[in-house]
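All remarks here apply to the structure that follows.
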Amino acid sequence: MQSAIFTILLLIVSNVFMTFAWYGHLKFVPSKWPIWAIVLISWGVALFEYCFMVPANRIGSDMHGGPFSLVQLKVIQEAITLVVFTVIAMFVFGGMTLRWNHIVAFMMLVGAVYLVFMK
């Protein structure tokens, strides 16, 4: 149980870094900067994402004594990605309104997580 919780926490931190690597430049880097500089900044931020994602997958994988199959790890990661993105988009970037269709989509993702854990 401890490795499952630790895996999920690492995935959350990893996804925070990745969300900022992919989208942070839209808010925090001036438009006049050259794209090569923006790519380098994003890669720098993404390095930290890998520092959390790789251990999360290693610790969580049943191939290395963890509780999750490869498919389970991927589905968990995707669900976390969308939740983290939504929270950051709403509170850091502003201007995003959570609508009914977003909530339905999230419920479908929870359903996907449930289905992937079925025996």
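Observations on the structure shown:
- Selection from segment 46-69 of residues that are surrounded by fewer than 16 Cβ atoms within 10 Å (Cβ to Cβ) and either among the charged types (D, E, K, R) or not in a helix (DSSP H, G or I) (or both): Arg58, Asp62, Gly65, Ser69
- Among the residues of segment 70-82, those identified as of a type in the set (Val, Ile, Thr) and surrounded by 14 or more Cβ atoms within 10 Å (Cβ to Cβ) are Val75, Ile76, Ile80, Thr81.
- Among the candidates Val16, Val104, residue that is in a helix (DSSP H, G or I) and modelled with pLDDT of 95 or more: Val16
- Every pair of residues 6+ apart whose Cβ atoms lie under 8 Å, when the first sits in segment 80-93 and is touching a residue at least 40 places away in the same chain (Cβ under 8 Å) while the second is assigned to a helix (DSSP H, G or I) and charged (D, E, K, R): Val92/Lys27; Phe93/Lys27
- Condition check for Ile76: modelled with pLDDT of 95 or more and either in a helix (DSSP H, G or I) or closer than 11 Å to Ser14 by Cβ (or both): no
- Conditions (1) of a type in the set (A, V, I, L, M); (2) in contact with a helix residue (DSSP H, G or I) (Cβ under 9 Å, 6 or more places away or on another chain); (3) surrounded by 10 or more Cβ atoms within 10 Å (Cβ to Cβ); number of the one not met by Leu115: (3)
The values are calculated or read from the model by the stated rules, or taken from the named source; none is laboratory data. Bear in mind the structure is a predicted one, so any value in this text is a computation, not a measurement. Methodologically, a virtual Cβ is constructed for each residue, glycine included, from the backbone with ideal geometry; neighbour enumeration extends over all protein chains shown.
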